[in-house]
Structures are given as C-alpha cells and as structure tokens.
Amino acid sequence: MTPAIRTSGLVKDYGRVRALHGLDLEVSTGEVFGFLGPNGAGKSTTIRLLLDLLRPTAGTVEVLGEAPAVGGPALRARLGYLPGELALPPRTTAGEYLRHLAALRGGRGTARIGELAERFALDLSRDLRALSKGNKQKVGLVQAFMHAPELLVLDEPTSGLDPLLQHEFRRLAQEAAADGATIFLSSHVLQEVEQVAGRVAIIRAGVVVDVDDVATLRRRAGQRVLLQLDAAVDATALHRMAGVTDVVVDGTTVTCLLHGEPTELLRWAAPHRVVRWQAEDRELEDLFMDFYRTVPADGAAGPADAPTAATAGHGAAKGGVR
Amino acid sequence: MSALTELRAGTTTAPAGTVLRGVLHEQRRTVVLWALALCGVGSMYTAFYPSVGGAKMDVMLEAMPPELITAMGFEAIATAGGYVQSTVYQLLGAILVLVCAIGLGGRLVAGAEEDGVLELEIAAPVSRTTVYLERLAALWLVALVLVAALTAALTALTSVMGMDVAITGLLAGSLGLWLFGGALGTLAFALGAATGRRGYAVGTAAAVATLSYVLAYLGPLVEGAAWMEQLSPYHWYVGGDPLTDGVAWGGYGLLLALAVVAAVAGGLAFRRRDIMV
C-alpha cells in the first residue's frame, strides 16, 4: 500500500541556512501520526514541503504517492491543511470566507460548514478581524475538515483552544480517522498528540531522531519522582534498581527518574515514613535532553539536572489542565 | 460514513474565476473609494475650466517662461481638450490611478503573502498559475473600473458645461490611462510575485513611475536628449496628446508590451519559488 506521506533524505535550505538535514519519514494510510519537536526544529518547513508551498533543495517528498509539485491542484484537492500561523483576511465574515475556501474546492465542503461551526461554537456572522485567537483557530479547523479530505495536515492544531475545544478537536480527529482519513499533526507538546496519535516522530534540528508509538515514547520519557521521608535514608539500593536513574539524595529528599512501572520503587519506599510523594510526567524538552545525553552515567548528578526546577513547575501546571 | 465517502468521491479543483471573485469581494470597498476620489478630483479640475480656461489661459501662458510650460505639459492647455488632458489625465488623474494600481499590485501577491493570507489559497486545489493570472486580472479590472468611472464623470460634466471635448478624445485618453496604470501596477504585481516583498515591489514601481515622469519632461528641455522621452512609459501614455489627437498606437503598444513582459517574467518566477519564507 502506498504510504500517505513519504520523505527520503529531504533537505531544505533557506539561503545559507539549512532547515532540514535529510529528513526521512513514512506515514501509513489511515494512521494518526504525531510530529513532535521544539519550535524551530523544522516541523512547519516539512509541512509546507508537503503542501508544495516550498520546494525541496534535495531528497524526495511523496504525498499520497505523488510528488506535491507533480500532483498539483488535483493532489491538493485530497488534502486538508491547517497552517501553524493562521492568518485570515480582514473585511470578511467567517461564513463568507469559509464558503470562499469551499468554492476553491469546487464547492466541496460547503454543506458541512454549518455543522462544524456549531460543534466548535463558531459564530459565522462575525468579522474575521474581530475574532480572538481561539476563534480564528476554529475557522482554520473547520476549513481543514469540511471537505473530508483523505489526508489532514495539521500544524499545531490545538494551539489557542481551551480544554473543552481541544476535546472537541480530538473527537473530530478520531471521527475522521475512523472514516479512513490519515492525520498528520505537529506539536511541540507531547500531551497534545498522545491522546490522538498512534505513532510519533520526533524531529530535532531538521532530522527525525526517533519514531515510536506513543506508549513506548511515554515509557521512555518516564516520570520525575520526588520522595520526602521523615529521616535520612540509605539510597544505594535505588542506584541498582531497574528503571530508576538519576538518583539524587538531598538529606531526607530523594529524587529520581522512573521509566516503566513504579512497583519496585514503591516497595523500597514502603518501610519508611513518606512525608511527601510527587510524580510528574516529563516534558518533551527533557526527552530531547535524553537524546543528546550520550553517556547516561555522566548525567546522573551533572548539568542535565539543571533545567529540572523549571520544567517541574511547568509540568505541574500542565497536569492541572489535563 | 456514506455521506463522507460520497463527499470524497472524485477530485474537485477550483473552477475558473473563483480566485478573482474572492479578490474582488475583498477589494470592493477600496475600489469604490478610489473611484469616488478619482471622479471627484477629475470633476473639480474640469469644473474650473470656465474660470481659468480659454482667453484667460492665454494671458497666463504668455507670462510663463516657455521651459515651464513644457515642463508642466501645458502646451495645449488653452483648448478644452488640452486643459482636461493637462490637469486630469497628465497630473492628478494619472497620479491617483498610479498610486492605486501600484499599491494594489504590491498587495495582491506580495502583500497577501506577507500578511499570511495567501497560504490557504496556494494550499487549495488551484494552480499557482491560476492564482497569479486571476489576481493579475483583478488588478486590471480594478484599474478599468476607476478609469471607466472617471470617463463617465468627465463625459457628463463636459457635455453639461458645453465644453468642446470630443468623446473619442476622452476615450483615447482613458484607454491610455488604463494601460499606463495597468502597466506600472503590473510591474509592482510582478516584482511582488517574484520576490514576495511588497515594499520592494511598490518602491521599485514607484521609482520607475517617477523616473518616467522626469525623463518625459527633461527630454524636450535637454539638447540632444530626445531618447529620454522615448524610454519613458509616461511619454508613451501622454506623448501623443490623446485627448486632441486620439490614440497613439505606438506608445500604447509599448505600455502593453511592458505589462506583458513584466507579467510573464513575474509569473515564471512565482511558479518556481518558495511561498511564505
């Protein structure tokens, strides 16, 4: 079966700056695929190459079996696209603009505008200029989904949406996937894609550094665990424990990274009196740090721990929203 | 499920004219305002004719140094047709049409791209060539609306005032104005489409327009510099005194050629380059 998206050795230069350094990617038909990476990693560049907005410097791109430049309008008729930075024209209402975009598809999708707008509580009579960021994003989502495309390419689809609408987006994506559509969505936050995506590719500095299913990735990302006990303890057992790394003992407080099940760690803690227990999912940024940490032993108590304080706070805030 | 499958059957691309309709809808208010401004200024100058024209103008011209008369293009100003050409077609009308056409030319591709609003259109099932040609057509249509409105206003006014201006003269001047504005607007449009930089496109086209005005007026004043005006699109437009002598096909042909060359070069570059970088 032809993959929905295939890139091989894809290189893109902007003048002298190389944005993509030989990107290899394969997304199967019918798959919901997450494309993760920090800002500036080349996510939007890759996506714009898929839409034929950009032309590759070297390497190949294939979308639904065709090079975007060769497929042209007939190929783009089968795609739905949500730009990462959506800009909407002034002096037009949301409804007029959506009908115009449907007209560019030969009228396909017009019939679903009303229904989709209702799902996202989007007022079609509002002037586009007066819309908030979240409402603009709704317009973007409606135009991407309205014609039921075979392949949806969504660049940061949930940015600016509140949790309720993020949920509505996930439902819409799942419905499209159930109907056989392939969904390719980018994000810089793992949480945003893990509930919809089956597989995830991680891009860093213009190359795909890892492709995995979400569960594996989540396991690899692990959790940062903090245990505060009532008395100083001997933590040597932790250093040998499977799935536990980066153990730091500071008086009565023990912190470590946990990958996989927490059973062993809980057993070790159980005989002690535990004053405080905290376990947080790690941020994607930490995962990227892992990809750069070639010798794990060096990182145990070294500089890799420096960003912990900042990311822990950030993670807690994110956890509250979920 | 069946509804969606049905929806997905067959590929549908944009029918001809969809991009054009979108642009015209977007620009409708701007066009009306420009047309009103152009008609207002044109009518105002023409309405002054009885108080400054004819014999009074001859007296004034006698007091002016001949170089100034040449520089201002006032050689034929004493006749009604010459007056309308000198004040409306050569000066304010030309300036207004140029400002509108060059500004719009810069906005239609480069401006839309810089604002990010071109992205969804380029990503839609419509070819870059179609986007380019229909947006260019919008430019020429807008210029046509402006010039047609001006022509209608001037035709009505000159006949009401009993001025001796032939309708064929007005039409010849208006055709020239349309081609002049269209050609320099196309230059801005093509430069913008080729580079994606609106400021550069508008700046360059405005510089060409200014240079063409300077060349047209310096040419006759500087000895042995007749070549200057031959290079000037402004001279191509007004050099043949269209309101008095009718259409100057050579000059108008050159304006059209300028537009075609710029449009083709810009279109080729636009098809090839990266959008939104």
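At-a-glance table
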| item | result |
| --- | --- |
| Residues satisfying the stated conditions in region B:158-181, i.e. of a type in the set (D, E, K, R) and modelled with pLDDT of 90 or more | none |
| Every pair of residues 6+ apart whose Cβ atoms lie under 8 Å, when the first sits in region A:212-229 and is under 24 Å from A:T253 (Cα atoms) while the second is in a helix (DSSP H, G or I) and at pLDDT 80 or above | A:V225/A:L265; A:L227/A:A269; A:L229/A:A269 |
| Some residue of region A:242-251 being within 30 Å of A:V200 (Cβ to Cβ), modelled with pLDDT of 85 or more and not in a strand (DSSP E or B) | yes |
| Any chance A:T216 is β-branched (V, I, T), closer than 30 Å to A:A279 by Cβ and crowded, with 17+ Cβ neighbours inside 10 Å | no |
| Qualifying residue in region A:78-92 (condition: in contact with a strand residue (DSSP E or B) (Cβ under 9 Å, 6 or more places away or on another chain), part of a helix (DSSP H, G or I) and more than 8 Å from chain B (Cβ to nearest Cβ)) | no |
| Every residue from region A:67-77 that is surrounded by fewer than 18 Cβ atoms within 10 Å (Cβ to Cβ) and more than 7 Å from chain B (Cβ to nearest Cβ) | A:A67, A:A69, A:V70 |
| Residue identified as surrounded by fewer than 22 Cβ atoms within 10 Å (Cβ to Cβ) and either among the aromatic types (F, W, Y) or facing another protein chain (nearest Cβ under 10 Å) (or both) among A:L49, A:L104, A:L128, A:L64 | A:L128 |
| Given (1) at pLDDT 95 or above; (2) more than 14 Å from chain A (Cβ to nearest Cβ), index of the condition B:A78 fails | (1) |
| Sole residue being surrounded by fewer than 19 Cβ atoms within 10 Å (Cβ to Cβ), within 24 Å of B:L96 (Cα to Cα) and in contact (Cβ under 8 Å) with a residue 40 or more places away in the chain, chosen from B:L175, B:L221, B:L211 | B:L175 |
| Matching residues in region B:223-270 - criterion: being modelled with pLDDT of 95 or more and β-branched (V, I, T) | B:V260, B:V261, B:V264 |
| Helices (runs of 4 or more DSSP H) contained entirely in region B:115-226, each with at least 3 residues that are closer than 30 Å to A:G106 by Cβ | B:119-123, B:128-160, B:167-195 |
| Subset tally (residues that are at pLDDT 80 or above and surrounded by 15 or more Cβ atoms within 10 Å (Cβ to Cβ)) for region B:38-73 | 8 |
| Test: residue in region B:195-208 that is surrounded by 18 or more Cβ atoms within 10 Å (Cβ to Cβ) and among the aromatic types (F, W, Y) | no |
| Meets criteria (within 13 Å of A:I203 (Cβ to Cβ) and assigned to a strand (DSSP E or B)) for A:T45 | no |
| Hits in region B:102-115 - residues which are of a type in the set (K, R) and at the interface with chain A (Cβ under 9 Å from one of its Cβ atoms) | none |
| Number of the condition not met by A:G30 [criteria: (1) of a type in the set (G, A, S); (2) facing chain B (nearest Cβ under 10 Å); (3) within 22 Å of A:D213 (Cβ to Cβ)] | (2) |
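For every residue, the table says whether it meets (1) aliphatic (A, V, I, L, M); (2) within 14 Å of chain A (Cβ to nearest Cβ).
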| site | (1), (2) |
| --- | --- |
| B:S43 | no, no |
| B:A63 | yes, no |
| B:G82 | no, no |
| B:T87 | no, no |
| B:L92 | yes, no |
| B:I95 | yes, no |
| B:V117 | yes, yes |
| B:S127 | no, yes |
| B:T130 | no, yes |
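The values are calculated or read from the model by the stated rules, or taken from the named source; none is laboratory data. Note that the coordinates shown come from a computational prediction; the quantities given were computed from them, not determined experimentally. So basically every Cβ, Gly included, is an ideal-geometry build from the backbone, and we count neighbours across all protein chains shown.
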